[in-house]
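Take this structure first; my questions come after.
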Amino acid sequence: MNNFLNFDKMLTPTIIKIVFWIGAGLSVLMGLLMIIQGAGAYYGGGASIFMGLLTIVIGPFVVRIYCELLIIFFKMNETLQDVKDLLANQNKPVNNGENKN
């Protein structure tokens, strides 16, 4: 709980995963709506159907790439925190009971 209150544990990577699934679902839904709109058009509906298919196939990939880019920032933060902790522990003086006078 202390890590959460001190912002040592990031909550956003979990939220980003939820955003991915919502974005992928919306991409598929928008693609289906484009296909339906194209099927009901009097002329020029073929382009709308084609764009709907592209949206269904490529949309989730684009959302995934965007979410992965966001997660990279948090992974870099975690790694930098680990490096900071390692350096802080490495620079602590070790007292073996010896006095150096």
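The values are calculated or read from the model by the stated rules, or taken from the named source; none is laboratory data. In this text the structure is predicted, and so the values were computed from the model without any measurement. Counting neighbours? That spans all protein chains shown, and the Cβs are built from the backbone with ideal geometry, glycine included.
For region 1-32, name all the residues that are modelled with pLDDT under 95 and over 23 Å from Ile72 (Cα atoms).
If the condition is that a residue be modelled with pLDDT under 95 and over 23 Å from Ile72 (Cα atoms), then Met1, Asn2 are the ones that fit.
Let me ask something else. Kindly list the number of the only condition in (1) assigned to a loop (DSSP other than H, G, I, E, B); (2) free of Cβ contacts under 8 Å to residues at least 24 places away in the same chain that fails for Met10.
(2)
Let me ask another. Kindly indicate whether Glu78 is under 16 Å from the mean Cα position of the chain (by Cα), surrounded by 10 or more Cβ atoms within 10 Å (Cβ to Cβ) and in contact (Cβ under 8 Å) with a residue 60 or more places away in the chain.
Yes; evaluated as a whole, the condition is true for this residue.
How many residues are surrounded by fewer than 16 Cβ atoms within 10 Å (Cβ to Cβ) and within 14 Å of Leu69 (Cα to Cα) when one looks only at region 17-31?
Count: 2.
Take the residues in region 47-65 that are touching a residue at least 24 places away in the same chain (Cβ under 8 Å) and not β-branched (Val, Ile, Thr), then tell me which one is surrounded by the fewest Cβ atoms within 10 Å (Cβ to Cβ).
So, considering only residues that are touching a residue at least 24 places away in the same chain (Cβ under 8 Å) and not β-branched (Val, Ile, Thr), the one surrounded by the fewest Cβ atoms within 10 Å (Cβ to Cβ) is Arg64.
Please verify whether Thr55 is modelled with pLDDT under 95, assigned to a helix (DSSP H, G or I) and not acidic (Asp, Glu), treating the condition exactly as stated.
For Thr55, the condition - modelled with pLDDT under 95, assigned to a helix (DSSP H, G or I) and not acidic (Asp, Glu) - is not met.
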